Every structure is written in structure tokens, then in C-alpha cells.
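Notes to accompany the following structure.
The numbers here are math on the coordinates, done by the rules we state, and not lab data. Keep in mind it's a predicted model, so treat the numbers as computed, not measured. Methodologically, a virtual Cβ is constructed for each residue, glycine included, from the backbone with ideal geometry; neighbour enumeration extends over all protein chains shown.
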């Protein structure tokens, strides 16, 4: 899924949950429940983004032309479709001449 699909799906699910909560727990209106649910979804997304930041960086940079990302085996194994991300447990410095 791309970012737009994730965002619109999360918004729809959030509105649905807020509607249910507003019906069951009437001490807040639907707009307040929507704000609460949206905040929880945002916090969840931020936690996931923080935990996967290394993999996301390796995947993004690995897709750039002329680059090779040397990273840990865990991150490289998480990106099987990106051939520019390779695993290594050692530090390698390589000069590339144009």
C-alpha cells in the first residue's frame, strides 16, 4: 500500500470507531471521539515509524541509482526485493572511481 491508501484507510477506520464510541459512550460527542481516535492512530504510526526507521532508510537509499547500502543482516533480510541492500557484519571502506 502507498501512503495515500494508508492515510485514507486509517481515516475511514478512525471515523468508524469514533462513531461507535460516540454511540456507546455519550459523555463525548463524535468530534471529540474522532480527535481521540485520530491521536491514538497517529501515536501508533509514530511508534511504528520509529521502530522501522533503519529499514526505511536502507530501502529508500538503496533504490537510488548508483548506490549500494551495506547494513546488518536483519535489515538486509527484511528487504528481499531491494538488490542494492546487502548484508555485512564488517566495516568496509571502498573508493569508487568515476
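Treat each spin label as a single point 7 Å out from the Cα along the C-beta direction, and report the residue 53 to residue 15 distance in nm.
That separation, rounded to one decimal, is 3.3 nm.
May I ask for the distance between the Cα centers of the stretch 1-71 and the stretch 75-97, given as a whole number of Å?
29
Given Cα pairs under 8 Å that are at least 6 residues apart, what percent is the relative contact order of the chain?
Working: 74 pairs, mean separation 16.1, N = 98.
Relative contact order of the chain: 16 percent.
Across 5 Å bins from 0, what is the distribution of all Cα-Cα pair distances for the chain, in whole percents?
Going from the shortest bin to the longest, the percentages are 2, 12, 14, 15, 12, 10, 8, 8, 7, 5, 3, 2, 1, 0.
For the chain, what is the calculated [θ] at 222 nm in deg cm²/dmol (nearest 500), taking -39500 (n - 2.57) for each run of four or more DSSP H residues and dividing by its residue count? Mind showing how you got there, number by number?
Values: 4 runs with 60 residues, N = 98.
Calculated from helices alone, the mean residue ellipticity at 222 nm is -20000 deg cm²/dmol.
Give me the number: length gained by fully extending residue 5 to residue 61, i.e. 0.36 nm times residue separation minus the C-alpha to C-alpha distance, one decimal in nm. Intermediate results must be reported in sequence, preceding the final value.
On the way: separation 56, 0.36 × 56 = 20.16 nm, distance 2.27 nm.
Full extension of this stretch gives 17.9 nm more.
Per the Kirkwood formula on distinct C-alpha pairs, the Rh of the stretch 3-51 is how many angstrom?
Values: mean 1/r = 0.0890 Å⁻¹.
After inverting the mean inverse Cα-Cα distance, the result is 11.2 Å.
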